[in-house]
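Data block below; observations after.
No value in this document is a laboratory result; all are computed from the given coordinates. Bear in mind the structure is a predicted one, so any value in this text is a computation, not a measurement. Here the Cβ is made from the backbone with ideal geometry for all residues, glycine too, and neighbour counts use every protein chain on show.
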Amino acid sequence: MVELSDTKVRTQPAQIERLEQKAAEQAAWELVDSARKLADELAARPNLGLNTAPERELERFAELGLMMAPVPHSLGGLGLGSEPGTQAALMRLLAITGGADLALGRIYEGHVNGVLLTARYGSFAQLKALAEDCREGALSGVWNTGAAELLRLHPEGERFRFEGVKTFATGAGFVRRPIVTAELDGRGWQMTLPRMETLGATLDRSFWHPLGMESSESFEVDFTGGLVGDEDLIGEPGDFYRDPMFRGGAIRFAAVQAGAVLRLHGMFAEWLEARGRGDDPYHVARLGEVSILAQECALWVEKAAAVAEESFYGTEKQHVERMVECANMMRTAIEQKATRVMQLVTAGVGAHGLLQPHRFERVIRDLTMYLRQPAPDQALAAVGRSAMEKHWRRARGPQGGFWSDEGPLESLPASYFQKIYERKRDPWDFETSAYEREKYDATLASLPRRCYASGLEVGCSIGVLTARLAVRCERLLGVDVSERALEQARIRCAGWPQVRFEQMQVPQELPDGEFDLVVVSEVAYYWQRADLERAAEGLAARQGVGGQLLLVHLIEPVVDYPLTGDEVHEYWLSRPEWKPVHAERHERFRLDLLERVGAG
């Protein structure tokens, strides 16, 4: 009985956590439903040509709980976008706000971005203070666009003084807690979270006379003379431009735009029915095309939410790349589909439908302006480059046209590495990366012998590690598949006469001789299982009893690679020819030292 009772007690925390998670999910979707009802009400308003800020609507957003929605649960919010399991609800919510009013959607999307940036890069105290303001209805935002002369922060005693302006500062007339970026005294682009009511900034309302989105009040703001302290600096210089948050965040403004497309679809159907045009084959055909385009926008919102759920909370290379690729594809696709929907709708409703007080006029005017996002050509070109890279990397993703996370079935070919070194001299930043430096230090520290008679480094690349191994080997051979990389390695190690290099594709090719040290670092996950076995057998034949094999590999999965670092090491540890001598597991890599035990 005691044993059963203990088991029950031990399971209670997990059960409570599941119940709390379920309750949180239910609360999020209840908020989405409430927001939808409010959006339908707001979208039905007559278009009176008013271009003032939607302050009453924002008050209703706050009353509904939307300002707190992206705040983490621990601070009283729903964690939408800041915690796992919430991306679908957040993206749906952004689309709903865009369908209510694009200026309102843009303001709310900026608020979400400001909270998410603070949650990711700010301190707990900073996030808590922002949450308290959000609970009172305060709006955040992100003001990054500047004039030709950058907004700067200069140290002034224990504080920092602003000098310069921001343009396109959405909600400048009423946003109280925006993220404002500035050049920090030559150290880089720094996020700040000032309180606008105490900053003394001045607004230039004459800057903002746009085609649409006028009620977003995206004025020019002069911050010159305003002071902030350390407590107002969010993260470190350069954090703002870190992916996946930076470029990946484009999915959120694209979701707002998608919501407007969905609203136009519904409005066009209502218009046809109200005017008895439902039997007109041309109008119905237009509505059919609009329906397809609107559904494609909705599918992109769902797809981007799924990708964000997998990719937004980590910093692994494959996740970052996938999130950025998805964002570039989505923003481009939504722009194209929205443009076509506006063409179809305007052709259907004609000139009278584009006069106030028709709602079409407001939505189409605002959407035309909102679709003009920065660097559209670069985003589209990035999609093309990603497709090219997938092709030459031979990952399975692009084959058959389906988006897949599965890695290649075959070992990466020599052409993969040739192209990488053609594009960049040091493609993995061996010379400058803190990760590589930490790994090399651990590699050298793990070797128990002061000197090895004969060493072999498989996949030596440009010779950065080789140069450090040289002091521990009487003879050292570095092999690599890329001759371009070997050219650099030879130059780097020219002062070490005991070091030589050969171009070789392991495991199809292996050097002759016996080696009492073999280093396989960041290379074996390029091989599929059969080639890994082949390499192990070949290297075992080139080591005598007591010879040492050092394995060092990244443990994060990479979609381009057939194996993970853990799979490589666990396989080698299962071989009878070696016994484990030493093992280390670091945050991003693992290290295993093995020793040859017999003829095997």
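On the basis of the beta-carbon distance and an R0 of 25 Å, Thr339 and Ala381 show a calculated FRET efficiency of 0.85. Magnitude of the charge dipole for the chain, about its Cα centre and with charges confined to Cβ atoms of Lys, Arg (+1) and Asp, Glu (-1), is about 660 debye. Most tightly packed first, judged by the mean number of other beta-carbon atoms within 10 Å of their residues, the peptides 461-471, 374-384 read 461-471, 374-384. Farthest toward the positive end of the dipole of the chain, out of Ala333, Leu550, Gly85, is the Cα of Ala333, where the dipole comes from beta carbon charges about the Cα centre.
With runs of 4+ DSSP H residues as the only contributors, calculate the mean residue ellipticity of the chain at 222 nm using -39,500 (n - 2.57) per run, divided by the residue total and rounded to the nearest 500. Calculated mean residue ellipticity at 222 nm is -15500 deg cm²/dmol. Take every Cα pair under 8 Å whose residues are at least 6 apart in sequence, average their separation, divide by the length of the stretch 99-154, and the relative contact order is 42 percent. For the stretch 179-270, applying the loop criterion from DSSP together with a ceiling of 11 other beta carbons within 10 Å to the trypsin sites (Lys or Arg not before Pro) yields Arg187. The stretch 44-75 and the stretch 510-528 have Cα centres spaced 61 Å apart. Straight Cα distances below 21 angstrom link Lys439 to the lysines Lys317, with same-chain residues fewer than 8 positions distant left out.
By the gyration tensor of its Cα atoms, with a ≥ b ≥ c the square roots of the eigenvalues, what is the shape of the stretch 526-584: rounded for a/c under 1.5, prolate for a/b over b/c, or oblate? It would help to have the intermediate numbers written out before the result.
Details: a/c = 2.54, a/b = 1.49, b/c = 1.70.
Here the stretch 526-584 falls in the oblate category.
The equivalent ellipsoid of the stretch 245-393 has semi-axes of 34, 14, 13 Å, largest first, where each one is the square root of 5 times an eigenvalue of the Cα gyration tensor. The lysines whose alpha-carbon is closer than 16 Å to the alpha-carbon of Lys419, local same-chain residues fewer than 8 away aside, are Lys390.
Please compute, over every Cα-Cα pair in the stretch 493-551, the percentage with a separation greater than 13 angstrom. All intermediate terms of the calculation are to be shown ahead of the outcome.
Numbers: 1147 of 1711 pairs.
More than 13 Å apart: 67 percent of the Cα pairs in the stretch 493-551.
Peptides 493-500, 78-85 ordered by packing proxy, namely the average of other Cβ atoms within 10 Å per residue, highest first: 78-85, 493-500.
DSSP beta bridges fully contained in the chain are about 55 percent antiparallel. Computed over the alpha carbons of the chain, Rg followed by Dmax gives 29.3, 91 Å.
Would you please give the FRET efficiency between Asp280 and His352, computed as 1/(1 + (r/R0)^6) with r the Cβ-Cβ distance and R0 = 22 Å, to the nearest 0.05?
It comes out at approximately 0.85.
Dipole magnitude for the stretch 17-241: computed about the Cα centre from +1 point charges on Lys and Arg Cβ and -1 point charges on Asp and Glu Cβ, it is near 380 debye. A dipole drawn for the stretch 17-241 from +1 and -1 charges on Cβ atoms has a positive end, and of Pro155, Thr181, Leu94 the residue lying farthest that way is Leu94. Using the charge dipole of the chain (Lys, Arg: +1 at Cβ; Asp, Glu: -1 at Cβ; taken about the Cα centre), state which of Ala540, Val523, Val349 has its Cα farthest towards the positive end. Checking the options against the dipole of the chain, the answer is Val349. Relative to the longest principal axis of the Cα atoms of the chain, the long axis of helix 317-349 makes an angle of roughly 30 degrees.
Provide the FRET efficiency to the nearest 0.05 for the Leu19-Ser415 pair, computing r from the beta carbons and using R0 = 56 Å. Before the final figure, lay out each step's value.
Numbers: r = 53 Å, r/R0 = 0.95.
Calculated value: 0.55.
Within the stretch 338-387, the trypsin sites (Lys or Arg not before Pro) that combine a DSSP coil assignment with at most 16 other C-beta atoms in a 10 angstrom radius are Arg372. Between the stretch 537-552 and the stretch 93-109, the C-alpha centres lie 62 angstrom from each other. Dividing the mean sequence gap of close Cα pairs (under 8 Å, 6+ apart) by how many residues the stretch 526-592 holds gives a relative contact order of 36 percent. Each of Val545 and Glu231 was given a label point 7 Å from its Cα along the Cα-to-Cβ line. The distance between the two points is 7.0 nm.
Full extension of the chain between Phe124 and Leu573 gives 157.4 nm of extra length, using 0.36 nm per residue less the Cα-Cα distance.
Quickly rank 564-570, 517-523, 578-584 as a protection proxy: mean count of other C-beta atoms within 10 Å, highest first.
By packing density, highest mean first, the sequence is 517-523, 564-570, 578-584.
Within the stretch 17-241, DSSP assigns beta bridges of which about 75% are antiparallel (rounded to the nearest 5).
Pairs of alpha-carbon atoms within less than 8 angstrom and 6+ residues apart define the contacts here; what relative contact order does the chain have, in percent? Once divided by the residue count of the chain, the mean separation gives 10 percent.
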